[in-house]
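Asks: My questions will all concern the structure given below.
Please treat every number below as a calculation from the coordinates, not as lab data. Owing to the predicted nature of the structure, the values given are computational and were not obtained by experimental measurement. Backbone-built Cβ (ideal geometry, glycine too); neighbour counts: all protein chains shown.
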Amino acid sequence: MFLPLLFTISLLISSSAHASLLDFCVADPSLPDGPSGYSCKNPAQVTVDDFVYHALSIPANTSNLQKFGVTTAFAPQFPGVNGLGISIARADLGVGGVVLLHTHPSASELIYVAEGTIVGGFISGSANTVYYKTLHKGDVMVFAQGLMHFQFNIGETPATIIASFGSANPGLQITASALFGNNFPSSFVEKTTFIDEAEVKKLKAVFGGTG
Ligand SMILES: *[C@@H]1O[C@H](CO)[C@@H](O)[C@H](O)[C@H]1NC(C)=O
């Protein structure tokens, strides 16, 4: 009676000790991504540079229609976050710039306004209530996982947002691209949204869609 209990306890201790041996799982992006992330790089080949990422120090290029650029430090770019359930990104918004309505299917998001003045907002999933607020430098806003959200610059200077995520690979679906930036037949878009086909074709020209 006593002995099996002791055995069970020692098994539990040894299995938790084993789990804690895996301090990290630096991504090996040469292998395919899976639901739990990338496979681990051989720890003997891991260096400090796997845990450091410099690209967020540079403003992203905002010379585009949205006046918006983003640099992501997700597992594919920043292998050290693989398996840790966290990641970070930097978004730059020129004057008048916008982060189009989008969702991250796999993560909640926290934004921190590092420069500028923006409006941040999201739409709740059940009641479709819109929550939005003007955010100034130093303000933080949270967007729950999977909800549609947006930001736009309302200031007279460029804005910079630092965004952190509760996933090493949050995913991204931009609503306009899903409707107008692909091969979704225009008649199907009209059928499924009630947006008239002429408008759909106009928006497809803007977002690079076909059909
Ligand atoms: C920014 O992007 C535009 C449009 O793609 C390009 O013409 C321009 O050279 C880029 N600027 C820099 C500094 O990379």
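Asks: What is the Cα radius of gyration of the chain over 2.2 N^0.38 Å, N being its residue count?
Replies: 1.30
Asks: Still on this structure, please answer the following. Mind counting lysine pairs for me in the chain? Cα separation below 23 Å, and the two need to be 8 or more apart along the chain or on different chains.
Replies: 8
Asks: Calculate how steeply helix 2-21 sits against the longest principal axis of the alpha-carbon atoms of the chain, using the helix alpha-carbon long axis, and give the answer as 0 to 90 degrees to the nearest 10.
Replies: It is inclined by approximately 50 degrees.
Asks: Separate question: May I ask you to sort VAL206, VAL189, VAL119 by Cβ crowding, counting other Cβ atoms within 10 Å and putting the fewest first?
Replies: Arranged by neighbour count, lowest to highest, VAL206, VAL189, VAL119 become VAL206, VAL119, VAL189.
Asks: Also: Convert each backbone phi in segment 83-88 into a coupling constant with the Karplus relation 6.51 cos²θ - 1.76 cosθ + 1.60 (shift: θ = phi - 60°), then list the ³J(HN,Hα) values in order as whole Hz, x for Gly and Pro.
Replies: Couplings: x, 9, x, 9, 6, 8 Hz.
Asks: Another question, if that's okay. If you bin every alpha carbon distance in segment 48-171 into 10 Å steps from zero, what whole percent lands in each bin?
Replies: For segment 48-171, the binned pair fractions read 14, 44, 34, 8, 0 percent.
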